[in-house]
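As structure tokens, the structure follows; a few thoughts come after it.
The values are calculated or read from the model by the stated rules, or taken from the named source; none is laboratory data. If you're wondering where the values come from, they're calculated on a predicted model, not measured in any experiment. Reconstructed Cβ throughout: ideal geometry from the backbone, glycine too, with neighbour counts over all protein chains shown. Ligands, DNA and RNA are excluded from the accessible area calculation, which covers all protein heavy atoms including side chains. Shrake-Rupley method; radii C 1.70, N 1.55, O 1.52, S 1.80 Å.
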Amino acid sequence: QVQLVESGGGLVQAGGSLRLSCAASGRTFSLYGMGWFRQAPGKEREFVAGISWSGGSTIYADSVKGRFTISRDNAKNTIYLQMSSLKFEDTAVYYCAQGRRPGGSGQRQEYAYWGQGTQVTVSS
């Protein structure tokens, strides 16, 4: 059974930084792409960042490019999302997802498993 557990969310002032983590279990972690999505109140869940099985390829939503960095540690079965220069509009529940394939993807349907989410609140 696949489990994805996010941590690291919280309350931060605009301009600040946070690092989210997602620990995975249940499948051979290093075989699959991983991603981060987010969902703000009243909005659709949207793609934030994706990373390939090796970490050699990453993709980002335009809204976070240059501010967020996705990474992974296959020895620890964990991915990270380093968020900097946070804005009020980054406030959302952030979800970790494990892909169906080795590559990273910006498409929600390419992800098979999801975590429960962690709340990030940015105060203006």
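For (1) surrounded by 18 or more Cβ atoms within 10 Å (Cβ to Cβ); (2) closer than 24 Å to L11 by Cβ, each residue gets a yes or a no:
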position	(1), (2)
I51	yes, no
G56	no, no
F68	yes, yes
S71	no, yes
Q82	no, yes
K87	no, yes
A92	yes, yes
Q98	yes, no
- Within segment 24-48, the count of residues that are closer than 11 Å to R72 by Cβ and of a type in the set (G, A, S) comes to 4
- Hey, any hits in segment 6-22 for a residue that's free of Cβ contacts under 8 Å to residues at least 12 places away in the same chain and open to solvent by 60 Å² or more (accessible area, probe 1.4 Å)? no
- Task: Kindly indicate the residue of segment 113-124 that is open to solvent by less than 50 Å² (accessible area, probe 1.4 Å) and under 14 Å from the mean Cα position of the chain (by Cα) and also farthest from A14 (Cα to Cα) among those meeting that condition.
- Result: G115
- Query: Restricting the search to segment 23-44, which residues are surrounded by 17 or more Cβ atoms within 10 Å (Cβ to Cβ) and under 17 Å from R100 (Cβ atoms)?
  - Reply: A24, F29, Y32, G33, M34, G35, W36, F37
